[in-house]
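J.: Supplied in C-alpha cells, the structure appears directly below.
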Amino acid sequence: MLLEVLVLVVGLLVAVGLIVLLERKLDEAYAPPKAEAKPAPAAAPKAEVKPAPAAPKAPVVESGIPAEVVAAIAAAVVSLEGAVAVRSIRKAPAGGSRRGVWGDAGVLANTTPFMA
C-alpha cells in the first residue's frame, strides 16, 4: 500500500515537471523575436541637464505626535510603498473602530482563544 502511494506521488511529480517543461518550451517557441542590438553612435549629443527635483515638504503632523513616531511611520510607508511622500499624519478618531460593532464582535470571537 505504501509503495503504491509512493510510486503514484513520484509519478505525479514527474508528470507535473514534464508539463512545466513543455509549457516553457512552447513559450520560447511562440515568443516574439528579440530585436537585434544596434551599435551606439560615435558621438552622442549631450542631453539637457534637468534640475534636481525639489525635496518633499515635511508632513503636516497633528499636535501631540512625537517626531520619532513621525519618522517611524514615514519609514514604514516608504519601505512598503517605495518612493512616496507622506503628506500628513493624524491620530485615528477615539470613538470606536472602522469595522463597527459587528466587526469588532467577530474579531473578538475569532481571536479570544489566542489571547491567553
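J.: Quick one: accessible area per residue over the stretch 57-116, 1.4 Å probe, rounded to a whole number of Å²?
T.: Ligands and nucleic acids excluded, the figure is 86 Å² per residue.
J.: When Lys and Arg each count +1 and Asp and Glu each count -1, what net charge do the other residues less than 15 Å away from Ile89, Cβ to Cβ, add up to? The partial results should precede the final answer.
T.: Numbers: positive: Lys57, Arg87, Arg90, Lys91; negative: Glu62, Glu68, Glu81.
Its environment carries a net charge of +1.
The values are calculated or read from the model by the stated rules, or taken from the named source; none is laboratory data. Here the structure is a predicted model, which is why all the values come from computation and not from measurement. Heads up, the Cβs are rebuilt from the backbone with ideal geometry, glycines too, and the neighbour counts pull from every protein chain shown. When the accessible area is computed, the model is the full protein with side chains, heavy atoms only, and any ligands, DNA or RNA have been set aside. Shrake-Rupley method; radii C 1.70, N 1.55, O 1.52, S 1.80 Å.
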